[in-house]
Amino acid sequence: MTQKNMILRPKIALYEPDIPQNTAAIIRTCSCFDTMLEIIEPCGFIVNDKRFKRVVMDYFDEKMIKFYKNYEEFFHFKKTKKERVVLMTTKSSNSYSNFKFKVTDTILFGRESSGVPDKVHRLVNNRLKIPLSFKKRSLNLATSVAIALSESLRQNKLI
């Protein structure tokens, strides 16, 4: 993965992920689409976790992953780089398919167990959802990442 590609592609960010298999699957997705993954700590597991290693296989590349100590550090960095953060959440009425993604967007996803807290919701201007059939709560996090990332890449003619 070249540095040039990293700059000219959307990024995926995970807020305090807590299921190692999901994070590993997301790393594989990001690797396959040459996309940077940003992880806002604390994580609910360590990367030596056998469940993580089983799913991530040989797709783990430290150069494509950036860790932030907390959400304050993440948002400070995004502000200094003038990068837009787009939050994917079940608490939105705006569909991801009606949104115009920019090539420099960071698409943020919350914890599998609890999403993101209200304080993080207040820090973003763009909140999107993936519409589901009535009475269904949510998709698996790795599936949601793949859907949103694919749409962003498609809109920006990167796939």
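Annotation: the antiparallel percentage among DSSP beta bridges lying fully within the chain is about 5. The H on the amide N of N126, modeled in the peptide plane, is under 5 Å from the matching H of L87, each at least 5 residues off or on a different chain.
Spin-label model, D34 to K135: label points 7 Å out along the Cα-to-beta-carbon direction sit 4.5 nm apart. Protein heavy-atom accessible surface, 1.4 Å probe, per residue over the chain: 56 Å². Among 89-95, 20-26, sorting by the average number of other beta carbon atoms lying within 10 angstrom of each residue, highest first, gives 20-26, 89-95.
Ligands, DNA and RNA left out, the accessible area of the chain computed with a 1.4 Å probe is 50% carbon and sulfur.
The values are calculated or read from the model by the stated rules, or taken from the named source; none is laboratory data. Everything numeric in this text was worked out from a predicted model, so none of it was measured. With ideal geometry, Cβ positions are generated from the backbone for all residues, glycine too; neighbour counts draw on all protein chains shown. We work out accessible area using only protein heavy atoms, side chains counted, and drop any ligands, DNA or RNA first. Shrake-Rupley method; radii C 1.70, N 1.55, O 1.52, S 1.80 Å.
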